[in-house]
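Have a look at the structure below before the remarks.
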Amino acid sequence: GEAGGGRMNDVDFARIRRAWESVRADPTRLRAFDDAVRDKGAGACVHPSGDRDLPVRAARHDLLTRQVLLGTVEDGERNPYARRGTGLALDPGVLGTSLLAVGPSGTGKTARLVRPVVESLALQALAGQAAVVAVGAAGSRLGPDEAYDIVVRVGDPASVHDLDLYGGTADPDEAAGLLAEAFVGDVPGIDVRRAATTLAQLIGPFREAYGRFPAVPELRELLDGVPSALTALRQALEGTGRQAMLRELDARLRQQGAPGDPGPALADRAALLDRPAFSGFFDVGAVVGGSERRGRPFSLRALEHPVRVRVDLPERAHADASRMLARLLLAQFNAAAAARADRSLFAFLALDDASHTLTPETVRGVQRLRSANAGVLLTLRTLDDVPEPLRTPLLGAVGCRMAFSGVTTWDGQRFAEAWGTEWVETRDVTHRTVFADQPLTRAIHAFRKLVTGKAVTTDAVTVRQVERERWSASELAHAVPPGCAVLSLTSVRGERAAPLLLRLSGTG
């Protein structure tokens, strides 16, 4: 009745269908489902936020197939005849292999790719099908605040929510590994595993002594080797009687100042977060430096719930800190998505600018996401923002690759290598002059040449199969019109679509 009266939208249909599928999987939920539908109609099984739709939609969505329209395949010879003029959409079946998009500023990566994809997954979250985290610089147009359940504005005192620096874990070794990846994962010459051991030797004893992880100022003091901080920690540990943690702390003290010690580098990176602008953030349940701020910390452990999260990073004022936090979020997402007990929800992380955030370990983690019903969207202005040894592994780790108009020939060469070659049929026509043997024929040929000005020739046609690049570096750099992009897709089932020239929605 509500559907006929126009009081039921596509989100309601998808949400109730999802709830009915859970009832079929677990019949004990049938009574609760019946009561909810009888009492609330189309508002049954509503999202915890109470929202039944987004405040605004910037793209076309089909929640029945969980797709968002990205654009139209160009009607040109570069595309297969059967695909010319057809629409192209993305869904979790291809986003689960992760997507890398490269293009210079102003080509529409945020407005025509990130925003529609995040919006689609936010709608699916309202239907109980997905969990999405969007990370971008403050001011990025990733949708209004009302479209999200949690908005974390790092560095903004008015932010209601905070960011959990330790990813919601209670294991010091796991927390140390994630922090090491974020702090020094991009520093050449520093062993991340050794850095993780250094952090574990400090935050493990600290948690044992105080029942919590250290706040940023406390962590910085420990990494700097401040005598008063280390002495207080030792005294607190001696009161607990945990000799194992005392040995960990003693091992750290012996290694401090030794050649190759990652402690100073870790302390320098911790100092990036120990700024007045971040005072009160990364709350661990302690008042540090007189700060009374109490935010509600967000942890990526919440991916088991259909949450919609946006994290705004202070890219303009604190660029290095923002990149470090982006690395931390990516590392935490890889760990949290793989550790989920219930993987029925599709988990997705969108990094609006992944420059200087990728490390060898996070690239390996991205490759493992497709088996965890999760994926990431990474955008770059150029592949030069990724360390040289990681460029080829990155293109191999993601299943979907997208090159916007205006990429350089150097970036185009990487995409051309990733897309490989294909067999095409070529026709070579050879013109050969005819020399006659008979006098009469020679006379006729001479007269014909006198009249036409051209010698008598015959055409020889050679048809052969040759192997050519699907898209060359030069074509990607110069033949992609503005407002277009070349996109290849791979599904989680292994199906592949050759790169297609796509005109993005919202362009003329």
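Listed values, structure above:
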read-out: Among the candidates ALA317, ALA336, ALA326, residue that is closer than 25 Å to ILE150 by Cβ, touching a Lys or Arg at 6+ places or on another chain (Cβ under 7 Å), of a type in the set (Gly, Ala, Ser) and in contact (Cβ under 8 Å) with a residue 60 or more places away in the chain; value: ALA336
read-out: Qualifying residue in the stretch 484-493 (condition: of a type in the set (D, E, K, R), loosely packed, with under 12 Cβ neighbours inside 10 Å, part of a strand (DSSP E or B) and at negative phi); value: no
read-out: Checklist (1) surrounded by 12 or more Cβ atoms within 10 Å (Cβ to Cβ); (2) modelled with pLDDT of 90 or more; (3) not basic (Lys, Arg) applied to VAL46, failing item; value: (2)
read-out: Pairs with Cβ under 8 Å, 6+ apart, first in the stretch 434-450 and within 20 Å of ALA460 (Cα to Cα), second exposed (fewer than 12 other Cβ atoms within 10 Å of the Cβ); value: VAL434/THR457; VAL434/THR458; HIS445/VAL434
read-out: Residue tally, condition surrounded by 21 or more Cβ atoms within 10 Å (Cβ to Cβ) and part of a helix (DSSP H, G or I), over the stretch 165-197; value: 13
read-out: Top-ranked residue of the stretch 226-264 - restricted to ones that are acidic (Asp, Glu) and surrounded by 15 or more Cβ atoms within 10 Å (Cβ to Cβ), ranked as nearest to GLU208 (Cα to Cα); value: GLU248
read-out: Unique match (being on the phi > 0 side of the Ramachandran plot and over 23 Å from the mean Cα position of the chain (by Cα)) among GLY143, GLY211; value: GLY211
read-out: Residue within the stretch 221-243 that is over 27 Å from PRO259 (Cα atoms), basic (Lys, Arg) and touching a strand residue (DSSP E or B) at 6+ places or on another chain (Cβ under 9 Å) present; value: no
read-out: Elements of type helices (runs of 4 or more DSSP H) in the stretch 1-103, at least 3 residues being touching a residue at least 60 places away in the same chain (Cβ under 8 Å) and not acidic (Asp, Glu); value: 10-25, 92-95
read-out: Some residue of the stretch 166-181 being at pLDDT below 90 and more than 30 Å from ALA131 (Cβ to Cβ); value: no
read-out: Those residues of the stretch 204-237 which are over 13 Å from ALA176 (Cα atoms) and either in contact with a His (Cβ under 8 Å, 6 or more places away or on another chain) or hydrophobic (A, V, I, L, M, F, W, C) (or both), in sequence order; value: ALA209, ALA215, VAL216, LEU222, VAL226, ALA229, LEU230, ALA232, LEU233, ALA236, LEU237
read-out: Some residue of the stretch 352-360 being modelled with pLDDT under 95, under 18 Å from ALA101 (Cα atoms) and either surrounded by fewer than 21 Cβ atoms within 10 Å (Cβ to Cβ) or of a type in the set (Lys, Arg) (or both); value: yes
read-out: Test: residue in the stretch 87-109 that is of a type in the set (D, E, K, R), buried (at least 22 other Cβ atoms within 10 Å of the Cβ) and on the phi < 0 side of the Ramachandran plot; value: yes
read-out: Condition check for VAL154: hydrophobic (A, V, I, L, M, F, W, C), in the same structural domain as LEU502 (by TED's automatic domain parsing) and more than 19 Å from the chain's Cα centre (by Cα); value: yes
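The values are calculated or read from the model by the stated rules, or taken from the named source; none is laboratory data. Just so it is clear, the model here is predicted, and its values are computed rather than measured. Positions of Cβ are backbone-derived with ideal geometry, glycine not excepted, and every protein chain shown enters the neighbour counts.
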